[in-house]
Amino acid sequence: MASKVPLLRSTTDIEAHKKIVNRLRRAQGQLGALITTVESGAGCADVIHQLSAVSKALDRAGFLVISGAMKECLVNPGAERSPQPDEIEKLFLSLS
């Protein structure tokens, strides 16, 4: 489902965007390591450790996105296309 909350709004958002992309790339690398771990027949503990790392990296990226939306809501509450608190809440809860 597509969201109405834009990801980038200002130059500070460009830095936030870079952080989000870096988190996602880290998750992508960790996912590759997880796949390799499973394919090699590694034990349960190794698989779970890798899976946990991927999950945390994705969660952190999601929280960075929501954090940016929350900041925008506080700074420009009445601006056009500004995220509404109820929309941010739904997004936040979808990560938990």
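The values are calculated or read from the model by the stated rules, or taken from the named source; none is laboratory data. Note that the structure is predicted; figures quoted are calculated from it, not measured. Reconstructed Cβ throughout: ideal geometry from the backbone, glycine too, with neighbour counts over all protein chains shown.
For the range 30-45, enumerate the residues that are within 9 Å of Ala57 (Cβ to Cβ) and not aliphatic (A, V, I, L, M). Can you show your working first?
The initial filter retains those residues of the range 30-45 that are within 9 Å of Ala57 (Cβ to Cβ), namely 30-31.
Within the range 30-45, Gln30 is the sole residue that qualifies.
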Any residue at all in the range 32-51 that is of a type in the set (Ser, Thr, Tyr) and either within 23 Å of Leu93 (Cα to Cα) or touching a Gly at 6+ places or on another chain (Cβ under 8 Å) (or both)? no
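Output the residue which, of all residues in the range 35-83 that are of a type in the set (S, T, N, Q) and over 19 Å from Ser96 (Cβ atoms), is modelled with the lowest pLDDT. Don't jump to the end; show me each part of the working.
The initial filter retains those residues of the range 35-83 that are of a type in the set (S, T, N, Q), namely 36-37, 40, 50, 52, 55, 67, 76, 82.
Narrowing further to those that are over 19 Å from Ser96 (Cβ atoms): 36-37, 40, 50, 76, 82.
On the way: Thr36: 95, Thr37: 93, Ser40: 96, Gln50: 92, Asn76: 75, Ser82: 72.
Going through the qualifying residues, I end up with Ser82.
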Condition first: β-branched (Val, Ile, Thr) and in contact with a helix residue (DSSP H, G or I) (Cβ under 8 Å, 6 or more places away or on another chain). Now tell me which residues in the range 46-96 satisfy that. Val47, Val54, Val65, Ile66, Ile88
Does at least one position in the range 62-80 carry a residue that is closer than 20 Å to Ser94 by Cβ and among the charged types (D, E, K, R)? yes
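Let's see how each residue does on (1) assigned to a helix (DSSP H, G or I); (2) among the β-branched types (Val, Ile, Thr):
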{"residue": "Leu24", "(1), (2)": "yes, no"}
{"residue": "Gly41", "(1), (2)": "no, no"}
{"residue": "Ile48", "(1), (2)": "yes, yes"}
{"residue": "Cys73", "(1), (2)": "yes, no"}
{"residue": "Gly78", "(1), (2)": "no, no"}
{"residue": "Asp86", "(1), (2)": "yes, no"}
